[in-house]
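Inspection log for the structure reproduced underneath, given as structure tokens.
The values are calculated or read from the model by the stated rules, or taken from the named source; none is laboratory data. Everything numeric in this text was worked out from a predicted model, so none of it was measured. Here the Cβ is made from the backbone with ideal geometry for all residues, glycine too, and neighbour counts use every protein chain on show. Each accessible area value is taken on the protein alone, full model and side chains, heavy atoms only, with ligands, DNA and RNA left out. Shrake-Rupley method; radii C 1.70, N 1.55, O 1.52, S 1.80 Å.
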Amino acid sequence: MTKHYDYDLFVIGAGSGGVRAARMAAATGVRVAIAEEKYLGGTCVNVGCVPKKLLVYASHFAEDFEDAAGYGWQLAVNSFNWQTLISNKNKEIERLNGIYKTMLENAGVNIIYGRARIDSEHSVIVNGETITAEKILITVGATPSVPEFDGADHVISSDQVFFLPELPKRIVIVGGGYIAVEFASIMNGLGVDTHLIYRGDNLLRNFDQPTAKFVANEMQKKGVNIHYSSNISSIEKLDTGELKCNLDNNDILFADQVMYGTGRKSLTNDLGLDKVAVKTHKNATIVTNDRFQTSVPSIFALGDVIGTPELTPVATAQGMVFVNQQYGDDTKTISYDNIPTAIFCQPNIGTVGLSEEAAKHKDLSVDVYQSEFKHLKHTLSGNEERLLMRLLVNKANQKVIGMHMAGPDAGEIIQGFAIAVKAGLTKAQFDVTIGIHPTAAEEFVTLREIEYSF
Ligand code: NDP
């Protein structure tokens with residue numbers, strides 16, 4: 001360890017990747033500091049995965065109450081209190097902030113509250129003080145990106161939706177990716193008149209399209225109004241407080257809130273990158289090699305800020321690999337193949353491996369096995385929701401190269417199966433696995449008929 005620096009490692013940003021890297025590095029005995037200007041835990045804990053999932057649970061109760069009637073329960077549910085939900089959610093997030101603080105402190109990491117800017121290859125300035133470090137790790141993440149248009153100042157993003165003082169009666173949500181689709185389901189479930197506006201023909205463009213289309217249809221059945229091939233051209237705030245959304249297809253929608261889920265941009269501005277010539281891509285993400293090293297050898301970066309899949313488990317995995325490479329036995333690498341992921345819309349999507357479109361793009365010959373059915377639970381509930389389970393098998397070697405599911409707990413189910421896909425197991429190995437009955441997941445080991453091939 002180099003003694004003439006204040007620290008061996010200075011981490012900028014205490015989100016998922018930064019906290020994991022700082023803790024793990026400190027555990028190896030190196031001297032670590034982490035700077036954070038906002039909140040410990042970053043997007044995931046404060047305005048992302050965790051509070052989003054709590055809102056998903058809240059929104060699903062409406063359906064659960066209705067489903068209960070077919071099972072003999074007579075419930076008189078007639079009110080929902082948004083303020084209670086947000087206040088309880090805030091308490092839980094504060095608890096998690098505290099846990100992050102304790103974890104960092106127990107690991108021996110020095111937490112510095114304030115904005116850090118890089119000043120040289122081995123120094124940062126925080127709160128007016130210059131701090132030196134042998135290595136600097138940038139883990140500042142990303143922030144919602146809203147396009148510019150007339151009236152854009154009237155809209156909210158996922159940063160604000162978690163703190164709205166009131167639940168809107170009508171909401172317009174723009175985008176067709178993770179955030180827009182998840183929040184359309186949340187708001188619809190909470191009883192909000194929900195309109196989802198997407199500029200393309202099918203939601204979730206980068207996902208398996210048969211699964212995405214199936215879910216879009218299910219969402220519409222549940223009451224989400226989806227407007228395809230349209231976008232907002234301007235928004236006017238009326239004297240009544242309502243927002244008048246003028247669409248590019250001449251439609252007009254009135255709403256109490258308009259939320260944009262149109263992607264995120266990395267937080268690389270005003271970080272001092274220009275001082276040391278850290279190279280960035282055109283979209284402002286930081287250029288790194290496979291050791292997370294930037295164009296400046298002593299400065300590293302990982303997480304959303306480098307443009308790899310913007311997912312907490314990816315950032316934490318990168319943090320672990322970075323620490324192993326710098327302070328461990330340097331045996332670890334990271335693979336971005338077969339990253340399982342879930343979209344917590346209703347019904348949930350769980351997915352791992354190649355989509356049908358990606359397999360076609362790779363010119364693979366594929367057998368598709370699939371099953372669409374009603375969940376056992378809904379035989380009595382009367383709920384019209386259906387499930388879809390799809391298995392893509394490479395004809396050449398019979399390996400399962402893609403699994404896609406739309407239905408309850410799809411994320412939980414696909415997380416387990418992802419190990420099989422990652423391990424390169426074949427359809428025959430799925431077939432000899434005995435199912436758990438009665439579950440939805442057993443379909444994945446009992447699919448025998450090829451639905452179609454390409
Ligand atoms: P995504 O990249 O997933 O989706 C952005 C959407 O906005 C796309 O449908 C895109 O359309 C549309 N869009 C982009 N620019 C415009 C524009 N100018 N006007 C209209 N529409 C536009 O971003 P999100 O914001 O949904 O999420 C950001 C990231 O956060 C995700 O990529 C994901 O990695 C992560 N995340 C993960 C979650 C999870 O794991 N469950 C949950 C939430 C977020 P088009 O398709 O045409 O490009």
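Given the residues Leu391, Leu311, which is the only one that is closer than 27 Å to Gly407 by Cα, free of Cβ contacts under 8 Å to residues at least 60 places away in the same chain, of a type in the set (A, V, I, L, M, F, W, C) and within 15 Å of the ligand (Cβ to nearest atom)?
Leu311
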Checklist entry - Is segment 267-278 home to any residue that is within 15 Å of the ligand (Cβ to nearest atom) and within 22 Å of the chain's Cα centre (by Cα)? => result yes
Checklist entry - Would a scan of segment 405-425 turn up a residue that is touching a helix residue (DSSP H, G or I) at 6+ places or on another chain (Cβ under 7 Å), open to solvent by less than 80 Å² (accessible area, probe 1.4 Å) and assigned to a loop (DSSP other than H, G, I, E, B)? => result no
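Look through Asn269, Asn250 and report the one residue that is open to solvent by 60 Å² or more (accessible area, probe 1.4 Å) and closer than 30 Å to Ile12 by Cα.
Numbers: Asn250 fails: closer than 30 Å to Ile12 by Cα.
Result: Asn269 is the single residue among Asn269, Asn250 that is open to solvent by 60 Å² or more (accessible area, probe 1.4 Å) and closer than 30 Å to Ile12 by Cα.
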Checklist entry - Within segment 11-48, restricting attention to residues that are part of a helix (DSSP H, G or I) and polar (S, T, N, Q), which residue is surrounded by the most Cβ atoms within 10 Å (Cβ to Cβ)? => result Ser16
Item to check | Cβ pairs under 7 Å, 6+ apart, first in segment 199-210 and open to solvent by 20 Å² or more (accessible area, probe 1.4 Å), second within 7 Å of the ligand (Cβ to nearest atom) and assigned to a loop (DSSP other than H, G, I, E, B) | outcome: Arg199/Asn231; Arg205/Gly176
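With respect to Phe163, is the statement that it is among the aromatic types (Phe, Trp, Tyr), more than 10 Å from the ligand (Cβ to nearest atom), within 30 Å of Ile286 (Cβ to Cβ) and surrounded by fewer than 22 Cβ atoms within 10 Å (Cβ to Cβ) true?
Details: among the aromatic types (Phe, Trp, Tyr): yes; more than 10 Å from the ligand (Cβ to nearest atom): yes; within 30 Å of Ile286 (Cβ to Cβ): yes; surrounded by fewer than 22 Cβ atoms within 10 Å (Cβ to Cβ): yes.
For Phe163, the condition - among the aromatic types (Phe, Trp, Tyr), more than 10 Å from the ligand (Cβ to nearest atom), within 30 Å of Ile286 (Cβ to Cβ) and surrounded by fewer than 22 Cβ atoms within 10 Å (Cβ to Cβ) - is met.
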Item to check | Only listed residue being within 11 Å of the ligand (Cβ to nearest atom) and within 21 Å of the chain's Cα centre (by Cα), chosen from Ala180, Ala152 | outcome: Ala180
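So, restricting to strands (runs of 3 or more DSSP E) that lie completely within segment 270-388, which ones have at least 1 residues that are touching a His at 6+ places or on another chain (Cβ under 6 Å) and not basic (Lys, Arg)? Talk me through it step by step, then tell me what you get.
Details: elements: 299-301, 341-343, 349-353, 366-374.
Output list reads 349-353.
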Item to check | Hits in segment 144-158 - residues which are open to solvent by 30 Å² or more (accessible area, probe 1.4 Å) and in contact (Cβ under 8 Å) with a residue 12 or more places away in the chain | outcome: Ser145, Val146, Pro147, Phe149, Asp150, His154
Item to check | The one condition in (1) open to solvent by less than 10 Å² (accessible area, probe 1.4 Å); (2) more than 25 Å from Ile179 (Cα to Cα) that Val352 fails to fulfil | outcome: (2)
